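Everything below concerns the one structure shown next.
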Amino acid sequence: MAGVAPIKPEEWYETIPMSDGVTLIHEPWIKPFYRCNMWHVRGRDRDLLFDSGLGHFSLRRHVALVTGRPILCVASHSHFDHIGSHHEFEARAIHEGEADILAAPTAKATTADKWANDAMFNRIPENWDSSRYRVLPAPATEMLGHGDVIDLGNRAFEVLHTPGHSPGGIGLVERKTGIFLSGDIIYDGPLIDDAWHSDREQYVATMEGLRLLPVNVVHGGHFPSFGRVRFHQLIEEYLEGRHKAGCHLAGKSR
């Protein structure tokens with residue numbers, strides 16, 4: 001990318017309205033495999049932000065959608081590409097299984113040591129230096145567990161604990177609409193079950209449990225959204241792959 005001008009902060013983020021009051025916020029200059037989908041949901045009493053991206057540029061300064069109203073910033077899990085801007089929000093929530101990482105992030109714990117480098121970009125952002133990149137501490141103000149409900153006033157999202165990709169991974173389902181904010185446990189792309197704290201046995205158990213989830217649309221942590229049929233295809237493809245590899249009882253990945 002020599003000779004190509006870096007991307008300025010005001011050009012870094014893009015918002016794309018979806019249906020049912022859901023908006024995608026993403027960083028289009030990051031390659032799709034690494035690019036986190038941030039999901040904003042408008043509520044009557046407060047808004048929800050599910051994941052907060054890389055954090056190199058201020059999310060609150062450059063995306064008007066996440067300012068001016070009470071907002072709960074929820075982490076689907078604690079990898080760097082999902083929690084980079086959490087420190088900008090007063091109300092922050094995560095599963096207790098990864099709360100220690102959100103409070104005191106390190107390059108290894110957030111997987112930044114492996115993935116946060118120049119190769120993740122289509123165009124480099126202004127003032128980027130991978131050797132100096134850090135996720136700032138953002139201690140949770142609220143712990144979320146399986147079955148908890150996030151109330152926005154006129155709509156409610158149920159917390160599903162989805163370990164496998166990471167121990168404290170969660171998804172949020174709105175049963176009234178069939179919307180599933182799935183994080184990194186399932187999306188329409190290569191699923192990662194070999195991060196430093198991934199567990200393939202738990203991943204299989206989570207996928208088997210998701211078979212029963214009534215969904216209409218899935219907004220994943222990466223790649224485009226999809227519907228019910230593709231949801232079940234992806235589940236069965238993963239389970240079949242693990243079965244063929246003989247890994248469904250293999251235990252924790254190293």
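Just a few scattered comments:
- Within the shell defined by Cβ-Cβ distances under 9 Å, the residues around Gly53 carry a net charge of -2, with Lys and Arg each +1 and Asp and Glu each -1.
- For segment 150-161, 3J(HN,Hα) computed residue by residue from phi via the Karplus equation (6.51, -1.76, 1.60; θ = phi - 60°) reads 9, 9, 9, x, 10, 8, 9, 10, 8, 7, 10, 6 Hz, glycine and proline entered as x.
- Relative contact order computed over the chain (Cα-Cα under 8 Å; 6+ residues apart), in percent: 16 percent
- Using only alpha-carbon positions in the chain, the gyration tensor eigenvalues give semi-axes of 26, 23, 18 Å once each is multiplied by 5 and square-rooted (largest first).
- Summing +1 for each Lys or Arg and -1 for each Asp or Glu among the other residues whose beta-carbon sits under 12 angstrom from that of Ala140 gives -4.
- Share, in percent, of DSSP beta bridges within the chain that are antiparallel, nearest 5: 60 percent
- Segment 1-97 - percent of accessible surface contributed by carbon and sulfur, probe 1.4 Å: 50 percent
- Exposure ranking of Arg123, Arg42 by accessible area [1.4 Å probe, largest first]: Arg42, Arg123
- Tensor-based shape of segment 33-133 (alpha-carbon gyration tensor, a/c under 1.5 rounded, otherwise prolate or oblate): oblate
- Taking other residues whose beta carbon is less than 15 angstrom from the beta carbon of Asp184, and scoring Lys, Arg as +1 and Asp, Glu as -1, yields -4.
- For the listed residue pairs Lys8/Lys176; Lys8/Lys108; Lys108/Lys176; Lys31/Lys176, the alpha carbons are over 31 angstrom apart in Lys8/Lys176; Lys108/Lys176; Lys31/Lys176.
The values are calculated or read from the model by the stated rules, or taken from the named source; none is laboratory data. Note that the structure is predicted; figures quoted are calculated from it, not measured. All Cβ positions, even for glycine, are placed from backbone atoms using ideal geometry, and neighbour counts span all protein chains on display. Surface accessibility is based on the protein's heavy atoms, side chains included, excluding ligands, DNA and RNA. Shrake-Rupley method; radii C 1.70, N 1.55, O 1.52, S 1.80 Å.
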